[in-house]
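Enquirer: This is the structure I want to talk about, given as structure tokens.
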Amino acid sequence: MKSVWIIAHNTFREIIRDRILYGLIIFALLLIGLSLILGQLSFSEQMRISLDFGFAAIHISAVILSIFIGSTLVFKEIDKKTVMTLLARPITRFQFLIGKALGLVMVIGTVLVGLSAVLLIVLISMGVLVEANFTVGLYGIFLESIVLLSMALMFSTFTRPVMVVSACLGLFLIGHWMGSLEFFAQKSKAQSFIAFERFLSTVIPNLESFNWRSLAIYGDSISTDLLLSASFYSSIWVMIFLVTATLIIWRKDFG
Amino acid sequence: MAKVLEVTDLRKSFKKGFIPTTVEVLKGVSFSVEPGTITGFLGANGAGKTTTMKCLLGLIYPTDGKMVYFGNRELDSQVKKRIGFLPEHPYFYEYLTGMEFLLFYGGISTSLKRSVLKDRIHDLLKRVDLFHAKDRQLRAYSKGMLQKIGLAQALIHDPEFVILDEPMSGLDPDGRYYLREIIKDTAKRGTAVFFSSHLLNDAETLCQNLVILKNGAVAYEGTTHNLLNKLGIEFEIRYYDQEKLVTEKIERDKANQRLGELIGQKKEIVSFRETVQSLEEAFIDLALKGVK
């Protein structure tokens with residue numbers, strides 16, 4: 001466990017010292033700033049527009065961070081051959097992957113907390129009363145991010161970052177359409193379409209399961225059961241991706 | 001005392017090409033490393049040195065063969081705690097400072113308290129002459145400094161066995177001298193050093209034992225002294241032939257006969273002496289020309 005923590009800490013440090021992260025944070029801050037301006041365009045829905053746009057800014061940043069950085073984390077280790085000295089040490093390949101993933105989770109957590117703090121300041125400055133559901137919306141973004149980063153990590157064990165990003169963006173879009181697809185499958189009488197929907201929902205995570213942003217914006221209540229089942233659903237997908245990634249690199253030759 | 005490493009019939013094949021064909025890189029490599037010795041691992045480019053070393057560390061899975069560490073152990077986490085490794089190219093985390101870099105590898109490899117580890121790092125940094133650069137990021141290090149910090153990471157957990165892949169490559173004479181001294185010092189402290197090198201002078205000066213690879217198989221395993229004696233001793237006769245000075249090199253077992261012939265032909269013998277080949281000449285005979 002100590003080794004996993006040390007690798008995670010080093011990964012955290014690696015990303016924090018990378019300029020790309022700051023470019024992304026500036027982009028997110030600009031979007032949050034824009035939410036303030038857009039909110040002022042409306043007389044009646046000022047709070048909702050600002051909150052909606054602010055959540056979107058945080059969501060986009062977390063998704064980009066998970067996919068883009070997740071796609072290069074393991075690839076860079078293999079490409080730059082730093083993995084040689086690391087795996088020659090008393091750590092398993094599974095510990096190596098878990099450490100890398102945990103490091104990125106820590107970065108995503110930190111960025112989410114930072115950006116939410118900025119959004120909160122913006123909202124409070126606008127006189128908006130922020131409810132507890134705000135944190136639930138953020139928690140949903142966090143769960144989605146860790147699923148996406150473990151997906152990116154898995155793909156990066158056998159292909160190049162550009163392919164990883166393409167695959168993850170594709171699955172991200174499909175993952176968010178799963179709800180609509182399920183709805184149409186329920187209405188459809190075509191057995192092949194129903195079977196196709198079932199197949200997709202088995203092999204692709206339904207990312208809409210973590211979308212509580214509108215509930216947070218409109219102040220609707222979210223049951224504890226829903227939160228727990230979504231957390232469990234997220235953990236299952238994370239484990240599937242990380243175990244698959246481990247199986248891929250378990251017998252890989254680092255030549 | 002148990003051997004640090006015993007490799008028996010190590011084989012490794014790779015599939016290469018669009019239509020995969022099997023290429024056998026290691027064809028039954030067997031050798032051993034004694035505790036506290038410096039063993040040179042020599043061979044031409046592509047002979048299989050780096051592949052062997054990666055097999056030893058579990059970075060590459062051998063197709064067949066056996067590797068036994070410290071008498072009776074297979075490679076596992078406990079064995080890896082007793083092994084240090086410096087790869088051929090010092091690719092390290094360039095965003096880390098020297099101190100952070102060693103804390104990272106030290107933390108992974110030992111269960112020492114951070115304060116004790118820091119003390120050890122300070123000692124090690126002084127030993128490799130990098131204490132002044134401990135707070136500088138590795139991206140600002142020169143090639144020689146990277147080799148030295150790489151060696152420090154290989155030694156951070158006080159291993160019993162160190163594997164160094166081409167530690168001297170790309171270093172200036174100063175850097176090579178420092179690294180040679182560190183390797184000698186490491187062996188003096190009881191650590192077995194196993195290193196590959198293209199620089200035969202360094203191997204000749206440093207190594208008690210040699211393992212020479214040729215086309216994925218061991219061409220020689222034994223002491224450096226024996227190799228130089230076995231392959232290296234020959235005789236040189238210099239004589240006048242029609243007022244022209246001739247120098248002739250003759251193998252040991254034919255030297256007396258040839259000398260007798262020349263005396264019989266009434267040639268004026270100028271000198272008749274034993275010469276010893278350098279490791280470079282011996283290596284060329286053994287690994288490149290295939291002389292046994």
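The values are calculated or read from the model by the stated rules, or taken from the named source; none is laboratory data. A quick note: this is a predicted structure, and the numbers were derived from the prediction, not measured. All Cβ positions, even for glycine, are placed from backbone atoms using ideal geometry, and neighbour counts span all protein chains on display. Calculation scope for accessible area: heavy atoms of the full protein, side chains included, ligands and nucleic acids excluded. Shrake-Rupley method; radii C 1.70, N 1.55, O 1.52, S 1.80 Å.
Enquirer: Could you list which residues have their amide H under 5 Å from that of residue B:162, counting only those 5 or more apart in sequence or on another chain, with H placed in the peptide plane?
Expert: HN-HN under 5 Å from residue B:162: B:84, B:192, B:193, B:194.
Enquirer: Also, I was wondering about something else. Loop-only check: which trypsin sites (Lys or Arg not before Pro) in the stretch B:93-148 are DSSP coil with at most 16 other Cβ within 10 angstrom?
Expert: B:113, B:136
Enquirer: Same structure, new question: So for the protein assembly as shown: antiparallel DSSP bridges make up what percent, rounded to the nearest 5?
Expert: Close to 70 percent.
Enquirer: Only counting protein heavy atoms at a 1.4 Å probe, give the residues of the stretch A:230-254, ordered by number, whose accessible area falls by 40 Å² or more when the other protein chains are present relative to the chain alone.
Expert: SASA drop of 40 Å² or more in the stretch A:230-254: A:251, A:253.
Enquirer: With +1 on each Lys and Arg Cβ and -1 on each Asp and Glu Cβ, and nothing else charged, work out how big the dipole of the stretch B:5-228 is about its Cα centre, in Debye to the nearest 20.
Expert: 440
Enquirer: Quick check on my link table: of A:100/B:184; A:2/A:76; B:66/B:143; B:81/B:214, which ones sit more than 28 Å apart, alpha carbon to alpha carbon?
Expert: In this structure, A:100/B:184; B:66/B:143; B:81/B:214 lie more than 28 Å apart at Cα.
Enquirer: So what is the accessible area of chain B per residue, in Å², with the probe set to 1.4 Å?
Expert: For chain B, the per-residue accessible area is 48 Å².
Enquirer: Still on this model: Which loop-located trypsin sites (Lys or Arg not before Pro) does the stretch A:160-255 contain, where loop means any DSSP state but H, G, I, E or B and the Cβ has at most 14 other Cβ atoms within 10 Å?
Expert: Sites meeting the loop and neighbour criteria: A:189, A:251.
Enquirer: Could you give the dipole magnitude of chain A about its Cα centre, charging the beta-carbon of Lys and Arg +1 and that of Asp and Glu -1, in debye to the nearest 20?
Expert: I would put it at about 1020 debye.
Enquirer: Counting each pair of different Cα atoms once, what's the Kirkwood radius of the stretch B:144-209 in Å, rounded to one decimal?
Expert: 11.9
Enquirer: Further, regarding this structure: Within the stretch B:5-228, what percent of beta bridges assigned by DSSP are antiparallel, to the nearest 5?
Expert: Percentage antiparallel, nearest 5: 55.
Enquirer: Could you calculate the FRET efficiency of residue B:113 with residue B:143 from 1/(1 + (r/R0)^6), where r is the beta carbon distance between them and R0 is 30 Å, rounded to 0.05?
Expert: It comes to 0.35.
Enquirer: In addition: If you take each beta carbon of peptide B:90-97 and count the beta carbons of other chains within 10 angstrom, what is the mean?
Expert: Per residue, the average neighbour count from other chains is 5.
Enquirer: What does the charge dipole of the stretch B:234-275 about its Cα centre add up to, to the nearest 20 debye, if the Cβ of each Lys and Arg holds +1 and the Cβ of each Asp and Glu holds -1?
Expert: About 60 debye.
Enquirer: Would you calculate the volume per residue, in Å³, of the smallest convex hull containing every Cα atom of the stretch B:234-275?
Expert: With only Cα atoms used, the stretch B:234-275 gives 51 Å³ per residue.
Enquirer: Still on this model: Express in whole angstrom the spacing between the alpha-carbon centres of the stretch A:177-255 and the stretch A:42-74.
Expert: Going from one Cα centre to the other spans 20 Å.
Enquirer: Taking a probe of 1.4 Å, how large is the accessible area per residue of chain A, in Å²?
Expert: 47
Enquirer: Quote the accessible area belonging to residue A:149 in square angstrom, nearest 10, computed with a 1.4 Å probe and with ligands, DNA and RNA left uncounted.
Expert: Spelled out: residue A:149, probe radius 1.4 Å, area about 0 Å².
Enquirer: Sticking with this structure for a sec: Cβ under 10 Å from residue B:83's Cβ, residue B:83 left aside: what net charge do those residues give with Lys, Arg +1 and Asp, Glu -1?
Expert: So the environment of residue B:83 carries a net charge of +3.
Enquirer: Something else now. Counting only protein heavy atoms and rolling a 1.4 Å probe, how much accessible area do A and B lose on contact, total for both sides, in Å² to 100?
Expert: Chains A and B together bury approximately 2700 Å².
Enquirer: Moving to a separate point now. Would you give the gap between the C-alpha center of the stretch B:164-185 and the C-alpha center of the stretch A:87-165, rounded to a whole Å?
Expert: 43
Enquirer: Moving on. Please report the carbon-and-sulfur percent of the accessible area for the protein assembly as shown; probe 1.4 Å, protein heavy atoms only, DNA, RNA and ligands left out.
Expert: Roughly 58 percent, rounded to a whole number.
Enquirer: If you don't mind, another one. Please go through the stretch A:7-66 and write out the chymotrypsin sites (Phe, Trp or Tyr not before Pro) that DSSP classes as loop and that have at most 15 other C-beta atoms within 10 Å.
Expert: A:43
Enquirer: Something else: For the stretch A:182-255, rounded, prolate or oblate, judged on the Cα gyration tensor with a ≥ b ≥ c (square roots of eigenvalues), a/c < 1.5 rounded, else prolate if a/b > b/c?
Expert: The shape class here is oblate.
Enquirer: Compute the relative contact order of chain A as a whole-number percentage, counting only Cα pairs closer than 8 Å that sit 6 or more residues apart in sequence.
Expert: Averaging sequence separation for qualifying contacts and normalising by length gives 26 percent for chain A.
Enquirer: Moving on to the next point. If you plug each phi of the stretch B:100-106 into the Karplus form 6.51 cos²θ - 1.76 cosθ + 1.60 with θ = phi - 60°, what whole-Hz ³J(HN,Hα) values come out, in order, with x for Gly and Pro?
Expert: 4, 4, 6, 5, 4, 5, x
Enquirer: Now, a different point. Please arrange B:268, B:100, A:208 by accessible surface area, largest first, computed with a 1.4 Å probe and ligands excluded.
Expert: Sorted by accessible area, descending: B:268, A:208, B:100.
Enquirer: Now for a separate question. As an exercise, find the ratio Rg/Rh for the stretch B:72-185 from alpha-carbon atoms, using the Kirkwood inverse-distance average for Rh.
Expert: For the stretch B:72-185, the value is 0.95.
Enquirer: Cα centroid distance between the stretch B:1-44 and the stretch B:63-139, in Å?
Expert: Between the Cα centre of the stretch B:1-44 and that of the stretch B:63-139, the gap is 24 Å.
Enquirer: Just check the stretch A:60-107 against the gyration tensor rule for me: Cα atoms, a ≥ b ≥ c as the square roots of the eigenvalues, rounded for a/c under 1.5, and otherwise prolate or oblate depending on whether a/b exceeds b/c.
Expert: Oblate shape, in that a/c is at least 1.5 and b/c is the bigger or equal ratio.
Enquirer: For the stretch A:98-108, in order, what is each residue's ³J(HN,Hα) by Karplus, 6.51 cos²θ - 1.76 cosθ + 1.60 with θ = phi - 60°, in whole Hz (x at glycine and Pro)?
Expert: 4, x, 4, 5, 4, x, 6, 4, 4, 5, 4
Enquirer: Rounded, prolate or oblate: which one fits the stretch A:2-250, using the alpha carbon gyration tensor with axes a ≥ b ≥ c (rounded when a/c is under 1.5, else prolate when a/b beats b/c, else oblate)?
Expert: Because a/c hits 1.5 or more and a/b fails to exceed b/c, the stretch A:2-250 counts as oblate.
Enquirer: What percent does the relative contact order of chain B come to when contacts are Cα pairs within less than 8 Å and at least six residues apart?
Expert: Here the relative contact order equals 21 percent.
Enquirer: Work out how far the C-alpha atoms of the protein assembly as shown reach from end to end along every principal axis, then list the three figures in whole Å, largest first.
Expert: In descending order, the Cα extents are 122, 59, 47 Å.
Enquirer: What does the net charge come to around residue B:207 if you take all other residues with beta carbon closer than 13 Å to its beta carbon, with K and R at +1 and D and E at -1?
Expert: My count for the surroundings of residue B:207 gives -2.
Enquirer: Quick check: convex hull of the Cα atoms in chain B, volume per residue, rounded to a whole Å³?
Expert: Normalising the Cα hull of chain B by residue number yields 182 Å³.
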